[in-house]
1. Checking the condition open to solvent by less than 40 Å² (accessible area, probe 1.4 Å), touching a Pro at 6+ places or on another chain (Cβ under 6 Å) and either at pLDDT below 95 or not in a helix (DSSP H, G or I) (or both), which residue from 75, 59 passes?
2. Here is a check on your reading of the model: is residue 103 assigned to a strand (DSSP E or B) and in contact with an Asp or Glu (Cβ under 9 Å, 6 or more places away or on another chain)?
3. Right, residue 130: of a type in the set (Lys, Arg), open to solvent by less than 70 Å² (accessible area, probe 1.4 Å), assigned to a helix (DSSP H, G or I) and farther than 29 Å from residue 71 by Cβ or not?
4. Inspect all residues belonging to segment 88-100 and state whether any of them is touching a Lys or Arg at 6+ places or on another chain (Cβ under 8 Å), buried (at least 20 other Cβ atoms within 10 Å of the Cβ) and under 27 Å from residue 132 (Cα atoms).
5. Just one of 74, 39 is within 20 Å of residue 196 (Cα to Cα), hydrophobic (A, V, I, L, M, F, W, C) and under 14 Å from the mean Cα position of the chain (by Cα); which is it?
6. Scan segment 122-134 for residues that are free of Cβ contacts under 8 Å to residues at least 60 places away in the same chain and either in contact with a strand residue (DSSP E or B) (Cβ under 6 Å, 6 or more places away or on another chain) or within 22 Å of residue 187 (Cβ to Cβ) (or both) and jot them down.
7. Checking the conditions here, which among 186, 207 is of a type outside the set (Ser, Thr, Tyr) and closer than 29 Å to residue 121 by Cα?
8. Which ones in segment 31-56 are of a type outside the set (Ser, Thr, Tyr), open to solvent by 10 Å² or more (accessible area, probe 1.4 Å) and assigned to a helix (DSSP H, G or I)?
Amino acid sequence: IMKKKLGRKIYGFLILNLFLSVNAYSSSYKNLEIEGVKIDKNIFQVVAEKTVIGCINRLNEQESKPYGGNTEFILCNLYSNEILDSSKVFDNYEVIRVHYKKIDNKIHHISGAIYHNEMRKCVNDLNKYKIKYDEVFKDALKRTETKIYELKNQPGTNVKQVFYKYADGFARLICYDRSKNTNSSVSENKRIKLNIQAGTNEFMKFVRQNP
């Protein structure tokens, strides 16, 4: 009897380890598509060379450079009519933001923005997407959902988010409300928005190191 119990415990332990190993190396967040744009895709497979050059030129013209001027990752704001594969474009987002790594042109972060005129409507929209993504990202290591709260480093900016954590990256749904942020340079009709995002840990480490 003792041997049987011990055998069951060992079997259960092996099954648990197998489950944790599968989840630890799962990267379902990379399957998130925003108008056909995905993590790990080459930026030149997504948009034409002239679009990428335009992004680089706009960054060079800015007085205040993102990430302190560090160009290891390049920021590129895209519009749906610039996407090469029009069959995957559904015009769900007003703006698509992409960060790609300069050394190999692979995309490490994507974000699609949907603007709202009220935080309540933004949250309702977030909840609709959450039903879908709770299923898509059910293999995430951890799922975190917050109530609406104010960002400590941005007084007057309130957010609500659902965060799906993976071993090497993340996916996130987040509502921003900057309507009461007196220091915001964002135009009034774009101060409340839902962002749907996915990114690698490598990119987020870069962001933290280059505020």
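The values are calculated or read from the model by the stated rules, or taken from the named source; none is laboratory data. As the structure is a computational prediction, the values presented were derived from the model and not from experiment. Positions of Cβ are generated from backbone atoms using ideal geometry, with glycine treated the same way; all protein chains shown enter the neighbour counts. Note: areas computed on protein heavy atoms with side chains; ligands, DNA, RNA excluded. Shrake-Rupley method; radii C 1.70, N 1.55, O 1.52, S 1.80 Å.
1. Result: 75 is the single residue among 75, 59 that is open to solvent by less than 40 Å² (accessible area, probe 1.4 Å), touching a Pro at 6+ places or on another chain (Cβ under 6 Å) and either at pLDDT below 95 or not in a helix (DSSP H, G or I) (or both).
2. Judged against the criteria, residue 103 is not a match.
3. Considered against the rule, which asks whether it is of a type in the set (Lys, Arg), open to solvent by less than 70 Å² (accessible area, probe 1.4 Å), assigned to a helix (DSSP H, G or I) and farther than 29 Å from residue 71 by Cβ, residue 130 comes out as yes.
4. Checked against the condition, which is being touching a Lys or Arg at 6+ places or on another chain (Cβ under 8 Å), buried (at least 20 other Cβ atoms within 10 Å of the Cβ) and under 27 Å from residue 132 (Cα atoms), segment 88-100 yields at least one hit.
5. Going through 74, 39 in turn, the sole match is 39.
6. 123, 130
7. 186
8. 31, 44, 45, 49, 50, 53, 54, 56
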